[in-house]
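What follows is one structure encoded as structure tokens, with my remarks underneath.
The values are calculated or read from the model by the stated rules, or taken from the named source; none is laboratory data. Predicted, not measured: the structure shown is a model, and the values here were computed from it. Because the Cβ atoms are built from the backbone with ideal geometry, glycine has one as well, and the counts that use them run over all protein chains shown.
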Amino acid sequence: MSDTKTVTFKVVREETWYPEYEVPAHLDNDEVLEYIHNEVPDKVFDEMLNKYTLNTDIDVEIVEETADA
């Protein structure tokens, strides 16, 4: 039987996508952000509806190792 050890990993996933959504033309940038947060449209916030622009970055690091008996 081979020796083993248990390793605890930290996995961080960051997803970014670039939806387009029509908003009233008279709004400034702060008002657009408030508008979109109030509307919460799936077209903006659903990553699967935006899968063609979806970019996922994954970072993995070891945080703890313990020897198994």
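Residues in segment 15-30: is at least one free of Cβ contacts under 8 Å to residues at least 60 places away in the same chain and in contact with a strand residue (DSSP E or B) (Cβ under 6 Å, 6 or more places away or on another chain)?
yes
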Margin query: Quick check on this structure: which one of ASP68, ASP59, ASP28 is at pLDDT 95 or above and closer than 30 Å to SER2 by Cβ?
Written below: ASP59
Check: So, of the residues in segment 41-69 that are surrounded by 10 or more Cβ atoms within 10 Å (Cβ to Cβ) and part of a loop (DSSP other than H, G, I, E, B), which turns out to be farthest from the chain's Cα centre (by Cα)?
Finding: PRO41
Next item on the list: Scan segment 1-40 for residues that are among the acidic types (Asp, Glu), more than 30 Å from ILE62 (Cα to Cα) and exposed (fewer than 11 other Cβ atoms within 10 Å of the Cβ) and jot them down.
Entry: GLU20, GLU22, ASP28, ASP30
